[in-house]
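The values are calculated or read from the model by the stated rules, or taken from the named source; none is laboratory data. Note that the coordinates shown come from a computational prediction; the quantities given were computed from them, not determined experimentally. Cβ atoms come from the backbone with ideal geometry, glycine included; neighbour counts cover every protein chain shown. All accessible areas refer to the heavy atoms of the entire protein, side chains included, with ligands and DNA or RNA removed. Shrake-Rupley method; radii C 1.70, N 1.55, O 1.52, S 1.80 Å.
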Amino acid sequence: MRPVWLVVARLIRFDLRRYLIGALLWMPVSVIPLASGLVLRELFDQISGQRAAGPAQALWLCAAFVGVEVVRGLVLVTAWTYGVYWWCAAATLLRANVLRSVLTARGAAASRLPHSPGESVARLRDDVSDLVNFTDESVPLAGGVLFGGAAVAVMASIDPVITLVLVVPMVAAGVLSRFMRERIRRLHRRARVLGAAVTAYIGEIFAGVPALKTAGAEGAALERLRAHNRRRRDAAVKDRLATDLLDTATGATVEISIGLVLLLAAPAMRRGEFTVGDLALFTSYVGWLTALPRTIGVILSRLPQAAVATERLTGMMAAREGADHLSRDTGVGFHRQPPPAGAVPRERGDRLEVLEARGLTVRHGGTGRGVREVDLTLRRGSFTVITGAVGSGKTTLVRALLGLLPLDAGTISWNGRRVGDPGTFLVPGRAAYAAQVPRLFSASLRENLLLGLPADDRLGRAVGLAALEDDLAAMPDGLGTVVGSRGVRLSGGQAQRATAARALVRDPDVLVVDDLSSALDVETERSLWERIAGAARDGSGPGTLLVVSHRQAALERADQVIVLDRGRVAGCGPLGELLESCPEMRRLWHEELAVEAEERADAVASGSESA
């Protein structure tokens, strides 16, 4: 539980002024009922005739009681309104720290992210709420302790025996809460995991609507969603049942306490040792005294939930980071301006001369697949192509080189200096990456290309290098065109070229492109490589290119070709030499020539039909 208490302390401290003001506003809500009970005691003693007073004094006491409750209500509204600000700021701090770690911390983020984006969203939504709610319970706890201490003192001065009978059942409720803690923790963890699975699957359904419709799999998809929901429902019911049982046990102690007070008060009232006003005070205080054991019960039930939340949130962070980094104040706040966006500044004299990788090894868990002992050298101004059959490890190699996957072995060096963490070093403007699967957001094309960079002449140049200008001219809104979720409003080739333009606009030393041509026709691809290679020669584009491709247009321009076969290097050198010395390269080359010839024939046939 130590990480939980560290997070709680940090959340209280990061905006201590607002937290304390909120607490000071909230405490009167719990303390004011002390005055209400004393007023009721005086009023009922006068009404019962145990104290001599006239009707006017009774009316003033009624007015005083109403006034006290009105003041309490106004304080409650003010405290609630002010407390929402601190709650949202605390939640923002936790979410910002998780996102900072995912985006910028050392180590490959892919190794610690959940299996789906929906699971990540569920953690940032639900687990953050669990932690902040647990911290927020300290405010009513403080008020409950103040009221409880003062109320017990007042009641003990009236009748110590009845007071003791009133308090003991509440202590028993606290003991019961402690015994149920571990059970609640296990149930809550399972409920959170299964709830996130539902969120993730719903996201996958929306993303895969075309595939489901064309496969006629709507019924199967809905049945699987029902199965997910059944498991989530069963887990949520058990989680809620355990929490409600604890609340019920706490509430039962209240009812038992009130019954015992009535049983013991009746004889004392007959003897004249206990007045009607005393009974009114005890009855009034019992209702508010329950707030303390209830709050303690809530805290005890939420403690294991907060432990689960801390574990799940820190699981998304880097291996060296924990609860300390999760709750550290990094300057995020509603009234603080974010730092200006832009590319990571390149150190003076840090321009690429040679990028080397030695013995790169990545094994995908459980399958044994990946890449093994790969050596790679990229010199400034070179054009390198990685090729191989499907599943040979091409994408794994470039992602490992860029630090997007964790290395099992091997080293990477930049200009002879070893790179400790390629994921935070090989970033714009040292390197930029155009992935095999385009990742576009539901925003304008301009926003997708810039992603926070200031717009300048680099944008137009990148659009031209990516052979995208004709497509833009055909779009009514040009760069302002909203592309839809995952670029659904663009064709496959447009989405891939938009990904290339996004990498090019960052003006990198090394441009890494993963199978950009999979959705391009032969002529468009040839034009694209001619533009990028020409820009590299005249210095207006990236000087060094690392390309994953099996297409003739890229292979013919390569200074060196690296052939992968089942995760190992089968050959390395110029294309002409490999066609003579590497059987795997010859096989791939002849297959590709046949495929491209078929594509050209199809294109000619389509043109003839249109004519």
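Observations on the model:
- Principal-axis tilt of helix 138-158 within the chain, Cα atoms, nearest 10 degrees: 10 degrees
- Computed P(r) (all Cα pairs; region 508-568; 10 Å bins; percent): 21, 54, 22, 3
- Hydrodynamic radius (Kirkwood) for region 1-119, which is based on Cα pairs only, to one decimal in Å: 18.8 Å
- Mean ellipticity per residue at 222 nm, deg cm²/dmol - from DSSP H runs of n ≥ 4 across the chain, formula -39500 (n - 2.57): -21000 deg cm²/dmol
- For region 194-282, the extents of the C-alpha atoms along the principal axes are 86, 18, 16 Å, listed from largest to smallest.
- The calculated P(r) of region 412-496, using every Cα pair and 5 Å bins from 0, goes 3, 12, 20, 23, 15, 10, 8, 5, 3, 1 in percent.
- Using the alpha carbons alone, the radius of gyration of region 411-552 stands to its Kirkwood radius in an Rg to Rh ratio of 0.97.
- Size of region 1-43 as Cα extents on the principal axes (Å, biggest first): 50, 24, 6
- P(r) of region 124-277 over all Cα-Cα pairs, binned every 5 Å from zero, in whole percent: 2, 7, 11, 13, 12, 10, 9, 8, 7, 6, 5, 4, 3, 2, 1, 1, 0, 0
- Protection proxy ranking, highest mean first, for peptides 78-91, 379-392: 379-392, 78-91, where packing is the per-residue count of other beta-carbon atoms within 10 Å, averaged.
- Near Thr481, the amide H atoms lying under 5 Å from its own belong to Leu445, Arg446; only residues 5 or more places off or on other chains count, and H is placed 1.01 Å from N.
- Nearest-20 debye value, region 468-542 charge dipole, Cβ charges on Lys, Arg, Asp, Glu: 240 debye
- Rounded tilt (10° steps) of 522-538 against the dominant C-alpha axis of the chain: 90 degrees
- Cα-based Kirkwood hydrodynamic radius, the chain, one decimal, Å: 29.7 Å
- Globularity ratio of region 55-208, using Cα Rg and 2.2 N^0.38 Å: 1.60
- Computed magnitude of the charge dipole of the chain (debye, nearest 20; Cβ of K, R +1, Cβ of D, E -1): 1860 debye
- By the Stokes-Einstein formula, at 1.002 mPa s and 20 °C, region 91-170 with its Kirkwood radius over alpha-carbon pairs has D equal to 129 µm²/s.
- Converting phi to 3J(HN,Hα) with the Karplus coefficients 6.51, -1.76 and 1.60 and the offset θ = phi - 60°, region 314-319 yields 5, x, 8, 9, 4, 4 Hz in sequence order, with x at every glycine or proline.
- Rolling a 1.4 angstrom probe over the protein heavy atoms with all chains in place gives the chain an accessible area of 49 Å² per residue.
- The charge dipole of region 93-185, taken about the Cα centre with unit charges on the Cβ atoms of Lys, Arg (+1) and Asp, Glu (-1), comes to about 540 debye, rounded to the nearest 20.
- Between helix 492-504 and the chain: long-axis angle, C-alpha atoms, 0 to 90°, nearest 10: 80 degrees
- Rg/Rh, computed from the Cα trace of region 345-468 with Rh as the Kirkwood radius, has the value 0.99.
- Debye log10 I(q)/I(0) for region 468-579, one point scatterer per Cα, at q = 0.09 Å⁻¹: -0.28
- Over all directions, the projected convex hull of the C-alpha atoms in region 540-595 averages 4.3 nm² in area.
- Diffusion coefficient, µm² s⁻¹, Stokes-Einstein with Kirkwood Rh over alpha-carbon pairs of region 414-461 at 25 °C and 0.890 mPa s: 185 µm²/s
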